[in-house]
């Protein structure tokens, strides 16, 4: 039962991240909690799973930010997905986000998983 809740929550968050926009700078995690992408992609997470210090550095090094109108467009692009595959321990952006979300959820409950 808990796994279904977590998987459903992860799916909802991933869909919201795909619609994430620079203007909003945050998305609704639940009916009572709003979080930023930075709260999920912490410096600790990024430095553990990539060669970057933080997510801003990862975006900057990718040199893709200026090629897309919004972060939403960047995050759904195959170019971004390929970049994530090359420079992280993940096969895709979705895999990276799923792991970061799981870690965020479990850290709130005193656990850490990958």
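The values are calculated or read from the model by the stated rules, or taken from the named source; none is laboratory data. These numbers come from a predicted model, not from an experiment. Cβ coordinates were reconstructed from backbone atoms using ideal geometry, including for glycine residues, and neighbour counts include every protein chain displayed.
Take the residues in region 36-49 that are in contact with a helix residue (DSSP H, G or I) (Cβ under 6 Å, 6 or more places away or on another chain), at pLDDT 90 or above and assigned to a helix (DSSP H, G or I); name whichever of them is surrounded by the fewest Cβ atoms within 10 Å (Cβ to Cβ).
Here is the first cut: in region 36-49, the residues in contact with a helix residue (DSSP H, G or I) (Cβ under 6 Å, 6 or more places away or on another chain) are 40-41, 45-46.
If we keep only those that are at pLDDT 90 or above as well, we get 41, 45-46.
Checking which are assigned to a helix (DSSP H, G or I) leaves us with 45-46.
Working: 45: 18, 46: 21.
Going through the qualifying residues, I end up with 45.
For (1) surrounded by 13 or more Cβ atoms within 10 Å (Cβ to Cβ); (2) modelled with pLDDT under 95; (3) in contact with a helix residue (DSSP H, G or I) (Cβ under 9 Å, 6 or more places away or on another chain), each residue gets a yes or a no:
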residue: 51; (1), (2), (3): no, yes, yes
residue: 61; (1), (2), (3): yes, yes, yes
residue: 65; (1), (2), (3): yes, yes, yes
residue: 69; (1), (2), (3): no, yes, no
residue: 74; (1), (2), (3): yes, yes, yes
residue: 78; (1), (2), (3): no, yes, no
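Just one of (1) at pLDDT below 90; (2) surrounded by fewer than 18 Cβ atoms within 10 Å (Cβ to Cβ) fails for residue 97. It is (2).
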